[in-house]
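First comes the structure, then the notes that go with it.
Read-outs: derived from the displayed coordinates by stated rules, not from any lab. In this text, all values refer to a predicted model and were calculated from it rather than measured experimentally. Quick reminder, even Gly has a Cβ in these numbers, built from the backbone with ideal geometry, and neighbours come from all protein chains shown.
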Amino acid sequence: MAIVFLQLACGPAPYQVVEVANRCSLHLDGDDDFVDLGTIVAGSPMMLAGSPFTLSAWFRQEPGGDPYQRILDKSDGVLGRNGYALAVDPGEKRIHLYVHGGKKGGDFISVGGAYRMGAWHHVAVVAREGGLEIWLDGRRDGRASYESGSHALPADIATTARLGTWNHEPGRELKGWLDEVAVWNTDLTGDSIEAIYSARGRGDLSRDWGPYDSSGALVAWWRMEAGPGDDSPPPITDSSGKNAPGRPMPDPASANTPTFDCQSVP
Ligand SMILES: [Ca+2]
Ligand SMILES: [Ca+2]
């Protein structure tokens, strides 16, 4: 019996991941770099109006920079107003999930010290009908709680959306790397989130495999893979095929833009 147990505990995963190559990530310098995703209008898949949803991303943060740095923000004000936002705060090393239904919303936070600077981490946040969840590196944060406000699902209100900052003034720019940022218009199971984490940015989210059975609900997937084109700057392609490519935006001072980094991936 001991040998059987050992094989179960140490053997390969009991399913086959449908793999994709992961060659590159996106580096943002923390100084006004971001990716413009345009305006999310009525009927857009990223509106997520009144819907359970899941956001997933790999991130590697560098010290310094702004507080409450945004991974993804679809809003027109602070605290994800009229939409939703996912942030990583380098001071407290805490994840923030903001969801706002148009009249009310909340700031849902992980424990402090939830992740390490300079290392790749996977974050998934889930909005279910009855509440929110934060998952870090494949494990649910059982102590996550509301810093303010209360449960809501996203509003049906047009706002802009961005990767790497918020939407109404400078000051929440991500300093570090992003990769494999994905959005679903459903609440993924815990087993799905564990599987996505275990695949380390190499699972094909457009196909079902193992416990991951939500490919049909994928509404955005930015893989940050440098394309063959010579556009400058190159567009940030959405591999779900449901959104127009994102535009890497230059900062006014130095005019540099987010850059593909094919040396650092999760
Ligand atoms: Ca910059
Ligand atoms: Ca990638």
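Observations
- Proximal aspartates and glutamates to Lys104, defined as alpha-carbon separation beneath 20 angstrom and excluding residues fewer than eight positions away on the same chain: Asp73, Asp76, Glu129, Glu133, Glu147, Asp156
- Volume of the Cα convex hull of the chain, divided per residue and given in Å³: 132
- Projecting the Cα atoms of Pro90, Ser56, Gly112 onto the charge dipole of the chain, computed from C-beta unit charges around the Cα centre, puts Gly112 farthest toward the positive end.
- Relative exposure of Ile40, Ile157, Ile134, judged by other C-beta atoms within 10 Å (fewest first): Ile157, Ile40, Ile134
- The residue among Ser44, Gly30, His100 whose Cα reaches farthest toward the positive pole of the charge dipole of the chain, with charges on the beta-carbon of Lys, Arg, Asp and Glu, is His100.
- Taking Cα centre as origin and charging only the Cβ of basic (Lys, Arg, +1) and acidic (Asp, Glu, -1) residues, the dipole magnitude of the range 87-144 rounds to 60 debye.
- Electrostatic dipole magnitude of the range 45-93 [Cβ: Lys, Arg +1; Asp, Glu -1; Cα centre; debye, to 20]: 160
- Rounded to the nearest 20 debye, the dipole size of the range 26-258 about its Cα centre is 500 debye, using +1 on the Cβ of Lys and Arg and -1 on the Cβ of Asp and Glu.
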